[in-house]
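Novice: This is the structure I want to talk about, given as structure tokens.
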Amino acid sequence: MAPPLLDLPSHCLLPRLRRPTSGRLLLHLRLKPLSSSSYTTTTTTTTSSSTSSSRAPQVPPSLHGPSLRRGRRLPGETDGLLSFARIFDLAALRVPAAACAPLERRLRGHLLNWPRVRNVVRQPGDDGGLLFPVPHPSLATPSSLPTAVARREKLAREFNARGFVQFPNLAKMSRPPARKRKGKKDEGGGEAAATARDTKDKVYVVEVIGERKEEHGDEWMGLVGEEGFGRITWRGGPTRLLLLDENYANKRVDDLPEAVKVVLDHETNKDGSSSYELVQCQLTLFYNYWPMNEILEEILPEGIIVPTGFETVGHIAHLNLRDDHLPYKKLIAQVVLDKNKPKIQTVVNKIDAIQNDYRTMQLEVLAGIDSLVTTVIESGLRFQVDLSTVYWNSRLSTERQRLVDHVFKNSDVVCDVFSGVGPIAISAARKVKYVYANDLNPTAVEYLERNIVLNKLERKIEVFNMDARRFISSIYSSQHVHPVTQVVMNLPNDAAEFLDVFRGISWNHHLAVPSCVMPNIHVYGFSKAEDPEYDFHERINLTLGENVSDVEMHRVRLVAPGKWMLCASFTLPVSVAFAKPNYIAC
């Protein structure tokens, strides 16, 4: 069976949800549960919408917290992003806004504790503005309540040339809703598209069950507008909902834990009335709430391993999908893009392994902007990179920082043999005395020069575009002002094979042996052996033609099961540097 979004674009159309209605605010009532058969009104956290559905089946006690496998789906046929919406039953305490914070502290441990869901919810339209406060029930009489005429006159006295001075929220509430132009078609696909636009940024919605919509005369609708009419601020002070733990859903006050009842009894007035009300709610979690791994578990067939990680290069997410992921690669990429915006704007997948001398990868753009040019910020430095023409590996940032912070000294002169766009060379140039940077790829050298200027290090780096052996031979054969003290050879596939160039590197050197500076060499390589350090050490000895005894091995990272990337650091032996060369540079 195909996954629910496989044949849909990223802007999947959603069915329209009805607009929220508002209910009558009931304050200072005795604590009692509300009937679930009454009309349902909505309370939102980010944006407002409402749904209604049947009661959920009993959830096994071993399951806790939100999950796509637990909640109820929206009623009716839902597709696109709405297919990921889930409904959960909860209980909540409706409390005055002023008393919300103290009560929250006292009930801590009994409130809802779900990621990205606040246990304090504001009522829709309740922005703290109290227009016509309702007196306490013990003091109010039918004749003391303001009439419609009195309210209208009070509003008229508050108006002036600057608009709503005392009640700024009225300006927004009374603004008529935008209407579509006649003759213009709905470009998004009609009613479903309008709902998709209304709900695309929504994370979750809280619905209060059991309140009835209060009926009002039509004369008020034209005065304050349909949006603001009937909101709780017209009846009393602002209130909040305290969402209780999910285990308290569908319970009465008598069924609550003793610790909760003690807190509520403490807030009860002497006459037996209370300012707190137990209500039943529905919490709807939408597509934007669920993390990437839960979405992928839902849409991928059972038995397929869910891809959980990717490499980030600037605004590009670099995936390494398995063969069984390829039929769903577009879908996976779209989920990765949705869940990592705005940082990630492009998702790519590596088509084939690196098989060319320039170490460039064949990448396929799966979602987002069709551009592989980006800017990477690493250790406070900026690097311009084009992944289609140069090589970059963000996972080696820790290793690069290790060399700069713990290996290189201020007096060092670094020779970066395979520099690429300059992550090691430019990072080292901020600390060391001087840097020689080389790469065979002319495009990489072009970006290297751009990055040097971008980071204002032109005076400390000299750039070369040569073969590695020719580069090392030219550095040692010419009379350079700065003798090399550190050599970095970061080409794990082949770097060890280039070590033969150091044999006899000082054969024609005119200085005496004690005056020569023997560089520290840091060469990288891969090994699948059972003992990777021993295997890599033997390959170094074989290439140099000498047994190098003092080699420090550092495991950089596990690139594949049983395959390690290593860094071998050693000082070039004098016997190797002044031996008879077995290689003649062209």
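Novice: What accessible area, in Å² to the nearest ten, does a 1.4 Å probe give for Glu546?
Specialist: So the heavy atoms of Glu546 present about 60 Å² to solvent.
Novice: Could you order His522, His406 by accessible surface area, starting with the largest, using a probe radius of 1.4 Å?
Specialist: Working: His522 10, His406 150 Å².
These residues rank, largest area first, as His406, His522.
Novice: Of the lysine pairs in region 290-370, how many meet both conditions: Cα atoms under 16 Å apart, and a spacing of 8 or more in sequence or different chains?
Specialist: Details: Lys329/Lys339; Lys329/Lys350; Lys330/Lys339; Lys330/Lys350.
Summing the qualifying lysine pairs gives 4.
Novice: Oh, and also: What's the local net charge at Asp412, with K and R +1, D and E -1, over the other residues with C-beta under 11 Å away?
Specialist: Details: positive: Lys409, Lys431, Lys433; negative: none.
Once positives and negatives cancel, what remains is +3.
Novice: Taking the alpha-carbon centroid of each part, what is the distance from region 297-348 to region 375-414 in angstrom?
Specialist: Each part reduced to its Cα centre gives a spacing of 26 Å.
Novice: Leaving ligands, DNA and RNA out of it, rank Arg86, Arg459 by accessible area with a 1.4 Å probe, largest first. Present the calculation step by step, with values, prior to reporting the outcome.
Specialist: Numbers: Arg86 0, Arg459 220 Å².
Descending order: Arg459, Arg86.
Novice: When averaged across all projection directions, what area in nm² does the alpha-carbon convex hull of region 392-576 cover?
Specialist: The directionally averaged projection comes out at 10.3 nm².
Novice: Could you give the accessible area per residue of region 361-420, probe 1.4 Å, as a whole number in Å²?
Specialist: Numbers: 2540 Å² over 60 residues.
Counting only protein heavy atoms, the per-residue value for region 361-420 is 42 Å².
Novice: Using a 1.4 Å probe on the protein heavy atoms only, what accessible surface does Lys350 show? Give it in Å² to the nearest 10.
Specialist: My reading of the accessible area for Lys350 is about 70 Å².
Novice: Now a separate question. Just the number: Rg to Rh for region 290-370, Cα atoms, Kirkwood Rh, two decimals.
Specialist: On the way: Rg = 12.8 Å, Rh = 13.1 Å.
Result for region 290-370 is an Rg/Rh of 0.98.
Novice: While we're here: Using the Cβ atoms and a cut-off under 13 Å, what net charge is assigned to the surroundings of Glu399, where Lys and Arg are +1 and Asp and Glu are -1?
Specialist: Numbers: positive: Arg395, Arg400, Arg402, Arg555, Arg557; negative: Glu378, Asp405.
Combined, the nearby Lys, Arg, Asp and Glu give +3.
Novice: If you rank Asp494, Asp412, Asp370 by how much accessible surface each has, with a 1.4 Å probe, what is the order from largest down? Walk me through the intermediate numbers first.
Specialist: Working: Asp494 60, Asp412 10, Asp370 130 Å².
Largest to smallest exposure gives the sequence Asp370, Asp494, Asp412.
Novice: Below 12 Å Cα-Cα, how many Lys pairs turn up in region 392-576? Only count pairs eight or more apart in sequence, or on different chains, if you could. Could you put the intermediate results ahead of the total?
Specialist: Working: Lys409/Lys431; Lys409/Lys433; Lys431/Lys460; Lys433/Lys460; Lys528/Lys563.
For region 392-576, qualifying lysine pairs total 5.
Novice: Relative contact order (percent) for region 392-576, with alpha-carbon contacts under 8 angstrom and 6 or more residues of separation?
Specialist: Values: 323 pairs, mean separation 33.0, N = 185.
Contact order relative to length: 18 percent.
Novice: With all protein chains present, calculate the accessible area of Lys409 using a 1.4 Å probe and round the result to the nearest 10 Å².
Specialist: Its accessible surface works out to 130 Å², give or take rounding.
The values are calculated or read from the model by the stated rules, or taken from the named source; none is laboratory data. Keep in mind it's a predicted model, so treat the numbers as computed, not measured. Note: ideal-geometry Cβ built from the backbone for every residue, glycine included; neighbour counts use all protein chains shown. Heads up: the accessible areas ignore ligands, DNA and RNA and are worked out on the full protein's heavy atoms, side chains in. Shrake-Rupley method; radii C 1.70, N 1.55, O 1.52, S 1.80 Å.
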